Each structure stands twice: as C-alpha cells, then as structure tokens.
Amino acid sequence: MLCKICKSKGKRTKAVIYLRHHRLALCKEHFVEWFEKQVQKTVKQFKMFSRKEKVAVAVSGGKDSLSLWLALHRLGYETYGIHISLGIEGWNYSEKSLEVCRKFSERIGRPLIVFNLKEEFGYTIEEIAKGAGRRDVCSVCGTFKRYLMNRIAKEHGFKVLATGHNLDDESALLLSNTMRWEIGYLGRQYPVLPEEGGFVRKVKPFCFLTEKETVSYAILNRIEYMETGCPNAKEATSRVYKQALALLEHKMPGTKLRFYKEFLKRARPIFEKELKEQLELNECEVCGMPTTAPVCSVCRTLERLKNAEGGEN
Ligand code: SF4
Ligand code: ZN
Ligand code: ZN
C-alpha cells in the first residue's frame, strides 16, 4: 500500500500504517505529522491549555504517557513529566519504570519530577494496601495516584495535568459506565475537567487516538517504553469492554470513534444536567487537599498504618 499524501504529491512511498476507520494509508513521516496534528486539534477544540501555560504530563513509563509527552513537546508546549515511583518490586517494575522515564526525559531535555512513595510516606503501595486490609492493590493504588498527581501538580505550580488516556480507554470506560448506567460518571466523562475545588485541570489530548495509533507513534519515534505491565495488573473488567469494542470495530470500522464522539456531542450534555449539586468539598485537615470528609482518604489510610505499627511495637 502506498502513502496517500505522498501519492497526491506524485511520490510513491510505502505506507507503514493503514488507518482503517479514516481510510488512510500513511508513510512514517506523514503518520507522525498526522498524529501530532490530531493532538493539536484536540487540545484546541477543548481549550485544554495554551502555549503560555506549563503542562504537567503524568508519565508511568508506558507507551501512551511517553508518546503524549513527546507529542506535546514537539508541538512546542512547555512540558514537565511527573512520575510516581510506587515501590513495586515484582519484575523490578518500579525501578525499571523510573529508569525508562528518566532516560526519556534526558532524551527530550525536559525535567522529570519524581515522587518516591517509600521515601516520602515510608511505605510502598503494596505495604499500604496490605496495611489497609485491601487485597486489591489496584484500587488503593488508583486512589493514591490520583491524589498524588493532583497534589504534586499543585505543589509545583501547575494548573493543568495531562494524561495519556486513548480512545480505547475512553470508549471502554464509556461502555462500562453505560452498561451500569452510572449517570454521575457519564456526566463527568469528558476530555477536559476544569480546575476547581482544589483540583487542577485534567486533560486527555489522546482521547480520539486509538491504542494502535499511539503504539505506532511510540515505535516509529523509537520511544523506549515499558513493555511489561505491572505485576499486580489482573484481568481488569475494562479489558472485556475493550475486547467487545474491538469486535464491533472489526465488523464496523469507526464504531469506537463514533460511539465516543456522539456521546460527547449528544448524550453527555443530558447527563451533565442530571448531575446533582456538586458535593461540598473541604480542605483536608492534614494535607490541605480537597475532600468531602474532614480528613482525606489518603491521610486516613496513612494514619491507620502508622497507628497499627505503633500498636505492634
Ligand atoms: Fe497500580 Fe494496579 Fe496499575 Fe500496578 S496495575 S500500577 S498496582 S493500579
Ligand atoms: Zn507520505
Ligand atoms: Zn489529606
């Protein structure tokens, strides 16, 4: 297959990718150009951030987050990476992830802010989950990561935090929220969540790009990313929704993109109206971050752990 853009210019270049739902075959150069243009378009369409703002990019070491950092950097935004080192020892996961992020930050010459859980809190994420009596590390980890990303971004003076969620993630989340009719979540699922109530603005510039596209961007740009996932990752239910959507996409190309775009345009405004009054948020008495209780759940968990340790001694 030949690159469509090269062909229109009278050149015959072999395509490296065929974007079935766009009916577009592109060579390396034109795919990278197309990809970055899509990112720019999304940033503008949802007024995610301007060139005058510093942008914090949440980086795990995976393909999506590093691709996002590269794309935003190339588009001329002032980017900074934030990485949370969770202390997961299995498969040397945390150590390797940090190394991958460090290497990448050096490659593009942009600063990386690292938060080491064990050094800062005295516990790894697995110790925290165990101490909290939770067998499912991931739900505790998710809470801590969301909390920390917001806190680190705020402490470093960022107003905006970008994450690498792609179209596969967003459409799977949408399908899962729809299957359970989670009105609140449906009302809040959007590519940009405004800065309010102690939260920084959260943006998803990859929300219209598929996983296949983000992996291709990473590979074509020789990004060294973590290919092995976290040892704690189990068969997440989101995988099942992704598989269901992949089947629909295979039979009807463009389904995922249509499903998500039409939701944003037609359905979400209805759910948004249904949202009840925003919960009253206070500042946590310990850390000052937004919470509905006097002390936030992260501080409560850490306190419980310290008390339990005190009891043991
Ligand atoms: Fe955290 Fe679970 Fe993700 Fe591992 S798989 S990083 S424990 S949320
Ligand atoms: Zn081309
Ligand atoms: Zn707190």
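The values are calculated or read from the model by the stated rules, or taken from the named source; none is laboratory data. Because the structure is predicted, anything quoted here is derived from the model rather than measured. Neighbour counts run over all protein chains shown; Cβ positions are idealised from the backbone, glycine included.
The condition (being over 25 Å from the mean Cα position of the chain (by Cα), away from ligand 2 (no atom under 16 Å from the Cβ) and under 30 Å from ASN166 (Cα atoms)) is satisfied by just one residue among GLU274, GLU280: GLU274. Scanning segment 155-169 for residues that are part of a helix (DSSP H, G or I) and under 17 Å from LYS145 (Cα atoms) yields a single hit, GLU155. Filter segment 152-169 down to residues that are within 13 Å of PRO191 (Cβ to Cβ) and over 10 Å from the mean Cα position of the chain (by Cα) and give me whichever is surrounded by the fewest Cβ atoms within 10 Å (Cβ to Cβ). Filtering first and then ranking leaves VAL160. Counting the residues of segment 224-271 that are at pLDDT 90 or above, small (Gly, Ala, Ser) and under 19 Å from the mean Cα position of the chain (by Cα) gives 0.
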